[in-house]
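Notes follow once the structure below has been shown.
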Amino acid sequence: MLAPADVAARIPRLRARVDGAGCDALLVTRLVNVRYLTGFTGSAALLLVLPDRAVLTTDGRYRDQSREELDAAGVHADIEVGATAAAQREILRAAAAGIRRLGLEAEAVTWAQQRRFAAEWFPRAELVATEGLIEEQRRVKDDGEVARMAEAARIADDALASVRPLLADGLTEREIALALDYEMRRLGAEGSSFETIVASGPNGAKPHARPSGRPIAAGELVVLDFGAVVEGYCSDMTRTLCVGEPASEVARRMVEVVAGSQQAGVEAVAAGVSGRDVDRVCRDVIAAAGWGDAFLHGTGHGVGLEIHEAPRVASTSEDTLAAGHVVTVEPGVYLPDVGGVRIEDTVVVTDDGCLPLTNAPKELVV
């Protein structure tokens with residue numbers, strides 16, 4: 001049994017942010033944010049957060065599910081079912097009567113939606129663009145959220161342990177990716193956090209290569225980047241492996257350098273440290289080896305209900321890590337004539353360091 005997530009406390013905490021943004025209420029349109037605030041997992045819903053209550057509107061497909069999920073999460077909200085968009089519009093327009101300034105999620109509302117909201121849904125309210133009110137709150141994970149990500153990471157660890165021996169069987173990248181996805185589902189995951197990456201030989205030089213029909217050969221580096229989902233929460237891990245010894249000294253040296261960079265980055269993670277500083281620690285190790293230009297991406301990102309969320313761990317990051325943040329540390333080197341190496345762990349930031357969630361071995365040779 002996983003530790004419970006404190007979903008019921010999230011809407012009350014959000015209200016202070018809404019007020020601080022100069023709004024009387026907030027219309028939540030991003031489904032991932034609706035889920036975070038209420039526990040509702042359906043594919044259609046709008047949530048209106050008012051000063052003294054919350055109204056969730058959805059369609060008839062979710063009449064029973066919405067009530068069950070909000071009750072299970074301990075969330076107090078009025079659930080209104082509207083069979084059509086027009087019916088849901090009337091529900092929310094009535095609920096927002098008297099609201100002077102209504103916040104919208106600026107990054108989730110299209111121009112067309114904003115025009116409809118202004119003209120038809122909330123004609124008496126001033127619509128206010130807000131940014132990151134819920135996403136900022138989502139940065140710090142509670143014990144229940146961490147428990148779900150830890151379980152997702154454990155499943156991914158176990159899936160790799162099962163699939164790792166198959167690399168020596170001459171299977172294709174696509175077959176290995178499918179085996180990882182199958183094992184994660186078999187072990188209890190809802191699905192994969194993202195499209196599983198299996199990239200061998202020269203394909204590994206493309207950080208986000210898609211699995212192909214290319215057979216995996218002895219002596220080649222193989223980058224495996226994948227994750228599981230448990231109750232909506234993601235894990236993320238990358239390991240670089242090789243069937244037998246690497247075919248070149250350059251490839252072996254790449255692995256040594258990236259492993260040292262990744263370890264230095266994990267050791268640098270702690271509350272109060274900037275994402276930019278963690279990135280610099282990783283990048284300095286790789287630059288000292290002469291491959292600074294071959295580190296083609298940022299060092300990491302936040303993980304939670306989405307596979308990529310705040311905070312960022314990159315040279316351009318303006319984020320400072322805090323206890324309860326969950327981030328990846330994933331430096332890499334990519335050489336077109338040799339292949340690629342990336343090693344990644346997902347970690348929970350603590351006051352004096354971090355706690356790794358992904359624990360699969362990092363031994364190179366299969």
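Please treat every number below as a calculation from the coordinates, not as lab data. As the structure is a computational prediction, the values presented were derived from the model and not from experiment. Here the Cβ is made from the backbone with ideal geometry for all residues, glycine too, and neighbour counts use every protein chain on show.
Remarks
- When both bridge partners sit in the range 1-150, DSSP labels roughly 35% of those beta bridges antiparallel.
- Kirkwood hydrodynamic radius of the range 227-366, from the reciprocal of the average inverse Cα-Cα distance over all distinct pairs: 15.1 Å.
- Relative contact order [Cα under 8 Å, 6+ residues apart], the chain, whole percent: 15
- Rg then Dmax, both in Å and based on the Cα atoms of the range 140-222: 14.2, 44.
- Within a Gaussian network of the chain (alpha carbon springs, distance under 10 Å), most fluctuating of Ile91, Ile307, Ile134: Ile91
- One Cα centroid belongs to the range 169-204, the other to the range 87-166; the line between them spans 29 Å.
- Using alpha carbons only, the radius of gyration of the range 210-300 set against its Kirkwood radius gives Rg/Rh = 1.02.
- Listed residues Gly227, Gly20, Ala287: farthest to the positive end of the dipole of the chain (Cβ charges): Gly20
- The simple spin-label model puts a point 7 Å past each Cα toward its Cβ; for Asp351 and Leu178 those points are separated by 5.1 nm.
- Dipole magnitude (debye, nearest 20) for the chain, charges at Cβ of Lys, Arg, Asp, Glu: 940
- Degrees between helix 275-288 axis and first principal axis of the chain (Cα, 0 to 90, nearest 10): 20
- Dividing the mean sequence gap of close Cα pairs (under 8 Å, 6+ apart) by how many residues the range 279-366 holds gives a relative contact order of 22 percent.
- Choice from Arg53, Arg116, Arg214 showing the highest fluctuation, given a GNM over the chain with Cα pairs closer than 10 Å: Arg116
- Rounded to 10°, Cα long-axis angle of helix 63-73 versus longest principal axis of the chain: 70
- For Glu249 and Glu68, the FRET efficiency from 1/(1 + (r/R0)^6), where r spans their Cβ atoms and R0 equals 56 Å, is about 0.40.
- Across the range 335-341, computed HN-Hα scalar couplings (Karplus, 6.51 cos²θ - 1.76 cosθ + 1.60, θ = phi - 60°) run 10, x, 7, 10, x, x, 9 Hz from first to last residue, x flagging Gly and Pro.
- Potential lengthening between Arg53 and His308 on full extension [0.36 nm per residue; Cα-Cα distance subtracted]: 88.7 nm
- Theoretical FRET efficiency, 1/(1+(r/R0)^6), r = Cβ-Cβ of Ala287 and Leu187, R0 41 Å, to 0.05: 0.60
- Charged side chains reduced to their Cβ positions (Lys and Arg at +1, Asp and Glu at -1) give the range 1-80 a dipole of some 260 debye around its Cα centre.
- Using alpha-carbon coordinates, inclination of helix 173-186 to the longest axis of the chain, degrees: 50
- Label sites at Arg61 and Arg124, each approximated as a point 7 angstrom past Cα along Cα to Cβ, lie 3.3 nm apart.
- The range 167-265: relative contact order as a whole-number percent, Cα under 8 Å and 6+ apart: 26
- Stokes-Einstein D for the chain, Kirkwood Rh over Cα pairs, 20 °C, 1.002 mPa s (µm²/s): 97
- Cβ-Cβ FRET estimate between Ala86 and Ala16, R0 fixed at 25 Å, reported to 0.05: 0.15
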